[in-house]
Amino acid sequence: MPANPLPLGFVFRSRAKEEKALADKAQVTDSKQPRDPQAPKGRPTPKRSEAQSQRRSVASTPTNRKEAAKRQREDRRAALAKQREALASGDERYLPARDKGPVRKYARNFVDSRFCVAEFFLPMAVVILVLSMVQIPQLQNIALLLWLFVIVMIVVDSIGIAIRLKKQLNERHPDESKRGAVAYALMRSLQMRRLRLPKPQVKRGERP
């Protein structure tokens, strides 16, 4: 038996005090290092910019099919709006796939820089139609001849455009794919200048 035994209450009380002191010390140490409540335990606290970007990405993620469909419609409308602006301004970034590329741009400028017989087909067709409706044999014969003349002129002019454009494309863009560029230019030549899309970026007589 020890000479001076310690009371049991003293032993348990001192041990409880030591554990409480250690817990308070650990709590004070942890309070000196604030942690983002969204940061996982055991990992460094993310920067404010990273946390904000993460919150924005989480908030922008659709939670159901209805929201996803709505988001797709909004994105489609925004893309179409940018495409319409590009068709008016000629911005290559948002043009449709059929109008993109240096070859298609040169083909457009080649057609827009000259007078094409085909672009006057619509007004000439109206005149010829009016003449053919007049109940005068001479005027009807003239209308028929005009139809033949216009068609021949369009064919000859289109052949000349195709030959010259193909030659220019081979010289200026030898390494680019020129598939469909001539047909693309001829289809553009059939449209009236003010109705062409993308809008003409060169003046008549200006070198493309």
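Observations, loosely collected:
- Amide H contacts under 5 Å for Gly90, placed H, 5+ residues apart: Lys199
- Taken one residue at a time, the phi angles of region 153-159 give Karplus couplings (6.51, -1.76, 1.60, θ = phi - 60°) of 5, 5, 5, 5, 5, 5, 5 Hz. Gly and Pro are set to x.
- Ordering of 119-127, 180-188 by packing [mean C-beta count within 10 Å, highest first]: 180-188, 119-127
- Highest mean packing comes first when the peptides 141-153, 71-83 are listed by Cβ atoms within 10 Å, giving 141-153, 71-83.
FYI, it's all coordinate maths here, none of it is from the lab. All of these numbers come straight from a predicted model, not from anything done at the bench. Note that each Cβ is placed from the backbone with ideal geometry, even for glycine, and that neighbours are counted across all protein chains shown.
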